[in-house]
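Below you'll find the structure, written out as structure tokens, and then a few comments.
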Amino acid sequence: MSLSPEDVVDALQGVIDPELGRSVVDLGMVRDLRVDGGAVSLTIMLTAAASSLRAGFEEQVVGALSVVSGVARISLSFDAMSDAERSELAVRLRPAAGGEPGVSVDSSTRVLLVASGKGGVGKSSVAANLAAAFALRGRRTGILDADVYGFSIPRMLGIQEQPVVLGDLAIPPMSDGVKVMSVGFFLGEGSLVIWRGPMLHRALQQFLSDVYWGDLDVLVVDMPPGTGDVALTLGQFLPRSEVLVVTTPQQVAQEVALRAVEMARKGNMTPIGVVENMSYLEREDGSREELFGSGGGDRLAEAAGLPLLARIPFDPQLGACADAGSPIVREEPGRPGSRALFALADALFETPIAEPQAAAIP
């Protein structure tokens, strides 16, 4: 039986665009398909000319077609979509956004807001490593850098690419399986953000409604410290969200973090637990030294009526990995901090999604 174009198309259904999470056939990215005996030639239309995904596409196409009976030779080329084609693709993707009105996150996606009462407690490090841990555990993961005044997630995850824009829809770049969106993509390095409430509200709305997140198991949101406009805005847009509150062992951090818990409850979000960061330094002989006091996580958990979900040890290597653009859970999974973060990620998915609470703030 001779090889047909239909045989090739059927095999290409298994070639998935990593950013969009859908088949290149369904997305209309396969062009100029020709079958001449056992020779197959085709073009994959990329959303951006300088896409870093070419090698991955080539590997997938060759893998999919090499097992098809009758295929003897494969010729693959790439081209970039025109502006009109990208806009058409955006229209095709829009109905798949799902979720609640104005939010492109599916209703089955777990939304975890990582919050703190004050800065300097390692909230962003926890968020970035938690997202990376989810991805390494096989979860479809996204992270939204909502810390608009102190965005750092792209740096921590080593992302230098800009989002691809399809018409009015942005496609988040990826870092080893984690989809990332941040205000930092749209501002120059060192730029100062001076946004009043309405501008901030609109920016966050666009990050949720005009970004194609695709099918996610979990969306991690790195919140700004404190209890300002961002918390209120995200409470409106993501009423199903759960909140992890990060603190450190010091009493002053614990007292301020309690305000973040109270804000979450009043703002239509559901606090689910406390994470104590920089709990102790674990030395090579197994002994522990409490560098920043003790008991802050326990006191916060008791005062807030929440479980203490994790104690993450202090590790200088965590900061070094963040500066290098690769989370410690990815680079050194056996270190104490990495083990604690993996345990936290596993524990979160062993519990059902919390029921949303009624908002107390209009």
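Data table
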| item | result |
| --- | --- |
| For Leu166, distant residues with modelled amide H under 5 Å away | Ile171 |
| Cα→Cβ-extended label distance, 7 Å offset, between Arg202 and Phe349, nm | 3.8 |
| Shape of the range 108-156, Cα gyration tensor, a/c cut at 1.5 | prolate |
| From the coordinates shown, Rg and Dmax of the Cα atoms in Å corresponds to which of (1) 22.6, 76; (2) 21.7, 70; (3) 23.9, 70 | (1) |
| In Hz, Karplus ³J(HN,Hα) per residue of the range 249-261 (6.51, -1.76, 1.60; θ = phi - 60°; x = Gly, Pro) | x, 5, 5, 5, 5, 5, 5, 6, 5, 4, 5, 5, 5 |
| Solvent-accessible area per residue for the chain (1.4 angstrom probe, square angstrom) | 44 |
| Centroid-to-centroid separation of the range 140-173 and the range 288-338 [C-alpha atoms, Å] | 24 |
| Length released on extending from Asp285 to Arg73, taking residue separation times 0.36 nm less the Cα-Cα span | 70.5 nm |
| Between helix 336-348 and the chain: long-axis angle, C-alpha atoms, 0 to 90°, nearest 10 | 80 |
| Label-point gap, in nm, between Asp215 and Glu6 - each point 7 angstrom along Cα→Cβ | 2.6 |
| Amide proton proximity set for Ile74, modelled H, under 5 Å, gap of 5+ | Val40 |
| Sum of -39500 (n - 2.57) over DSSP H runs of 4+, divided by residues of the chain (222 nm, nearest 500) | -10000 deg cm²/dmol |
| Degrees separating the helix 123-136 axis from the principal Cα axis of the chain, which is the longest one | 40 |
| For the range 21-33, 3J(HN,Hα) per residue [Karplus equation, 6.51 cos²θ - 1.76 cosθ + 1.60, θ = phi - 60°, Hz, x = Gly/Pro] | x, 9, 5, 5, 6, 5, 7, x, 8, 8, 10, 6, 6 |
| Overall form of the range 235-285 per C-alpha gyration tensor (a/c, 1.5; a/b vs b/c) | oblate |
| Fraction of accessible area attributable to carbon and sulfur, the chain (%, probe 1.4 Å) | 50 |
| Percentage relative contact order, the range 235-358, counting C-alpha pairs under 8 Å, at least six apart | 27 |
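The values are calculated or read from the model by the stated rules, or taken from the named source; none is laboratory data. What you see is a predicted model; the values in this text were computed from it and never measured. In this analysis, Cβ positions are derived from the backbone assuming ideal geometry, glycine residues included, and neighbour counts consider all displayed protein chains. For accessibility, only protein heavy atoms count, side chains too; no ligands or nucleic acids. Shrake-Rupley method; radii C 1.70, N 1.55, O 1.52, S 1.80 Å.
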